[in-house]
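To keep things clear, I will list the structure first and then write my remarks on it.
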């Protein structure tokens, strides 16, 4: 499977392309490389690996570029991967002709991820309605199975108009 990553703003899907698909179709096309994925994944060291209705999994390995002054993984990295997997899970429930945005999200870090540790971040939809979507997420180590962080999000779903 060949993934394409946007290298500049023109590479990202335009509004018409986004609205012509359901959120699930859009995410499946992005995973398959038919639509370029956002560059934040390259910047932060994570990518989607599974897209299902109501569930999205990202894989990531935080490296030195996301370290804080104490040589640990910066809290923003936990937030970025959790916001991505949870919001993308909500996106899989967004109907054609609509779009979403994150209203708020919360992160609970349960332990420090050692640098260079591969993790999986799973986002799962708890509720999807006409105007809101709610999801939860967790970050676990691939090798050790340890829970490193949990999260929750509320997203607003809007019809294009």
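The values are calculated or read from the model by the stated rules, or taken from the named source; none is laboratory data. Just so it is clear, the structure is predicted and the values come from calculations on it, not from any experiment. Positions of Cβ are generated from backbone atoms using ideal geometry, with glycine treated the same way; all protein chains shown enter the neighbour counts.
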Selection from segment 137-161 of residues that are modelled with pLDDT of 95 or more and in a loop (DSSP other than H, G, I, E, B)
142, 143, 144, 145, 146
Can you tell which of 134, 107, 125, 90 is touching a residue at least 24 places away in the same chain (Cβ under 8 Å), in a helix (DSSP H, G or I) and in contact with a strand residue (DSSP E or B) (Cβ under 6 Å, 6 or more places away or on another chain)?
90
Taking segment 125-148 on its own, how many of its residues are surrounded by fewer than 20 Cβ atoms within 10 Å (Cβ to Cβ) and farther than 13 Å from residue 56 by Cβ?
15
Is there a residue in segment 24-40 that is in contact (Cβ under 8 Å) with a residue 12 or more places away in the chain and closer than 23 Å to residue 112 by Cα?
yes
Across segment 71-91, what is the total count of residues that are within 12 Å of the chain's Cα centre (by Cα) and closer than 24 Å to residue 61 by Cβ?
14
Scan segment 22-57 for residues that are part of a loop (DSSP other than H, G, I, E, B) and either touching a strand residue (DSSP E or B) at 6+ places or on another chain (Cβ under 7 Å) or surrounded by fewer than 19 Cβ atoms within 10 Å (Cβ to Cβ) (or both) and report the count.
9
Name the one entry in 122, 117 that is surrounded by 12 or more Cβ atoms within 10 Å (Cβ to Cβ), more than 26 Å from residue 15 (Cβ to Cβ) and under 12 Å from the mean Cα position of the chain (by Cα).
122
